[in-house]
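Input: a single structure, listed below in structure tokens.
Please treat every number below as a calculation from the coordinates, not as lab data. Worth saying up front: this structure is predicted, and the values here are computed from it rather than measured. Reconstructed Cβ throughout: ideal geometry from the backbone, glycine too, with neighbour counts over all protein chains shown.
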Amino acid sequence: MFTILALGRVPGAGLVIKIVGGEKPSIAIPDFRGAGDSAKYISVFNQTLFSDIQDSGLFKMASKSMYPLVVPQQPSDFQQPDPTRRPAVRPG
């Protein structure tokens with residue numbers, strides 16, 4: 001079991017996250033899409049982001065094969081859940 005404490009924004013330092021005890025938490029970082037001129041750089045950006053987080057040693061990287069097939073990139077990509085559909089229950 002692990003605990004992540006988000007300590008909030010520290011002036012000039014960005015976001016500070018403190019991981020306390022247990023195994024390294026898993027993190028999934030989906031590939032971002034670029035628009036316009038940024039599209040030609042997005043592949044390098046995605047590789048760099050993934051490598052930097054992985055090489056930090058703070059997180060266990062989730063396999064990209066476990067990611068959803070469609071990754072939301074903007075608010076319009078999200079859909080309201082169907083209220084008549086019951087959530088799937090995983091066997092225990």
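Annotations
- Long-range neighbours under 9 Å by Cβ, at least six apart or interchain, first residue touching a residue at least 40 places away in the same chain (Cβ under 8 Å) and farther than 22 Å from M61 by Cβ within the stretch 35-48, second hydroxyl-bearing (S, T, Y) and outside any helix (DSSP H, G or I): none
- Of the residues making up the stretch 20-60, those that are of a type in the set (D, E, K, R), assigned to a loop (DSSP other than H, G, I, E, B) and loosely packed, with under 10 Cβ neighbours inside 10 Å number 1.
- Filter result for Q79 (in a helix (DSSP H, G or I) and out of contact with any helix residue (DSSP H, G or I) (no Cβ under 7 Å at 6 or more places or on another chain)): no
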